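Colleague: Here it is: the structure, laid out below.
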Amino acid sequence: MARLTRKQKEAQAKIDSSKVYDLKEASALIKEITNVKFDASVDLAVRLGVDPRKANQMVRGVVTLPHGTGKDVKVLALVTPDKEAEAQAAGADYVGLDEYLQKIKGGWTDVDVIITMPSVMGKLGPLGRVLGPRGLMPNPKTGTVTMDVAKAVKEVKAGKIDFKVDKTGIVHAAIGKASFDADKIADNANELVQTLIKLKPTAAKGTYIKSIFISSTMSPSVPVDVKSVS
């Protein structure tokens, strides 16, 4: 087992292992125990009472965080020439089509989100091996395949994120930065959990939101009282 550093021990000591924290307490505590020299990412892990192996219990969706992610999201808009101007005006970092398809084919994936149009998806199919493992393949369910390219770009830039339950039944998502006010961290976390509640599969039985933990880059995780957000 890896030994804890002095700072890690100090952070761990501030967490009362005998309790779970309400969301606002946990959000304030995560700021207190974050001691890295950069603006750490704050992450939420929500364990769901679902079996992701069954198609009717898959949980996937999008949420627009009220205070954004705190991250400068790099967006590539793969669009036809008639859509280029609106994608650029909306704030896309890279706009084009064939030249970027060639770059991706060569292994270039220096973007966070790719937005495209239905008519272009056929060209992206062969690039699935490159984009799929990196979570970059556009999907109509997440709003990244659309004719309203400008709206999609603006939403992503404003803090729209997509999430998907993993094979262990947990949804992981970055919900902000440690520099955010505790209230803003709590607001973003609550928005994600409320969205998950709305997406509860009808086939899911028993307790749906099983546990919630909040953490930041290299910090210990803080348990959140499910009742404080559900």
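The values are calculated or read from the model by the stated rules, or taken from the named source; none is laboratory data. None of the values given here were measured: they were computed from a predicted structure. Here the Cβ positions follow ideal geometry from the backbone for every residue, glycine too, while neighbour counts run over all protein chains shown.
Colleague: How many residues, within the range 1-36, are surrounded by fewer than 12 Cβ atoms within 10 Å (Cβ to Cβ) and either of a type outside the set (D, E, K, R) or at pLDDT 90 or above (or both)?
Modeller: Residues in the range 1-36 being surrounded by fewer than 12 Cβ atoms within 10 Å (Cβ to Cβ) and either of a type outside the set (D, E, K, R) or at pLDDT 90 or above (or both): 7 in total.
Results for (1) modelled with pLDDT of 95 or more; (2) more than 13 Å from the chain's Cα centre (by Cα); (3) not assigned by TED's automatic domain parsing to the domain that holds residue 44, shown as yes or no for each residue.
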| position | (1), (2), (3) |
| --- | --- |
| 171 | yes, no, no |
| 181 | yes, yes, no |
| 184 | yes, yes, no |
| 193 | yes, no, no |
| 196 | yes, no, no |
| 200 | yes, yes, no |
| 203 | no, yes, no |
| 217 | no, yes, no |
| 224 | yes, yes, no |
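Colleague: For the range 84-99, which positions are among the aliphatic types (A, V, I, L, M), without any contact (Cβ under 8 Å) to a residue 40 or more places away in the chain and part of a loop (DSSP other than H, G, I, E, B)? Don't jump to the end; show me each part of the working.
Modeller: Narrowing the range 84-99 to residues among the aliphatic types (A, V, I, L, M): 85, 87, 89-90, 92, 95, 97.
The next check asks that each one be without any contact (Cβ under 8 Å) to a residue 40 or more places away in the chain; those that pass are 85, 95, 97.
97 - this is the single residue of the range 84-99 that is among the aliphatic types (A, V, I, L, M), without any contact (Cβ under 8 Å) to a residue 40 or more places away in the chain and part of a loop (DSSP other than H, G, I, E, B).
Colleague: When only residues in the range 50-94 that are hydroxyl-bearing (Ser, Thr, Tyr) and over 26 Å from residue 192 (Cα atoms) count, which is surrounded by the most Cβ atoms within 10 Å (Cβ to Cβ)?
Modeller: Per the stated criteria, the residue is 94.
Colleague: Also, quick follow-up: For the structure I just gave you, tell me whether residue 140 is at pLDDT below 95 and more than 17 Å from the chain's Cα centre (by Cα). I'd like the intermediate steps shown before the answer.
Modeller: Numbers: at pLDDT below 95: yes; more than 17 Å from the chain's Cα centre (by Cα): no.
It is false that residue 140 is at pLDDT below 95 and more than 17 Å from the chain's Cα centre (by Cα).
Colleague: If you don't mind, there's one more thing I want to ask. Filter the range 221-230 for residues that are of a type outside the set (S, T, N, Q) and surrounded by fewer than 17 Cβ atoms within 10 Å (Cβ to Cβ); which is farthest from residue 42 (Cα to Cα)?
Modeller: 227
Colleague: Go through (1) modelled with pLDDT of 95 or more; (2) at negative phi for residue 160 and report which single condition fails.
Modeller: All conditions pass for residue 160, except number (1).
Colleague: A further question follows. I need the full set of residues from the range 146-168 which are of a type in the set (Gly, Ala, Ser) and either farther than 20 Å from residue 189 by Cα or surrounded by 18 or more Cβ atoms within 10 Å (Cβ to Cβ) (or both), in order please.
Modeller: Result: 150, 152, 159.
Colleague: Here is a check on your reading of the model: is residue 122 at pLDDT below 95 and either under 30 Å from residue 185 (Cβ atoms) or aromatic (Phe, Trp, Tyr) (or both)? Let's see the steps before the verdict.
Modeller: Numbers: at pLDDT below 95: yes; either under 30 Å from residue 185 (Cβ atoms) or aromatic (Phe, Trp, Tyr) (or both): no.
When the stated conditions are applied, residue 122 does not pass them.
Colleague: Counting only residues that are closer than 23 Å to residue 173 by Cβ and among the hydrophobic types (A, V, I, L, M, F, W, C), which one in the range 120-145 is surrounded by the fewest Cβ atoms within 10 Å (Cβ to Cβ)?
Modeller: Kept after step one, since they are closer than 23 Å to residue 173 by Cβ, are these residues of the range 120-145: 131-145.
If we keep only those that are among the hydrophobic types (A, V, I, L, M, F, W, C) as well, we get 131, 136-137, 145.
Numbers: 131: 16, 136: 18, 137: 19, 145: 22.
Going through the qualifying residues, I end up with 131.
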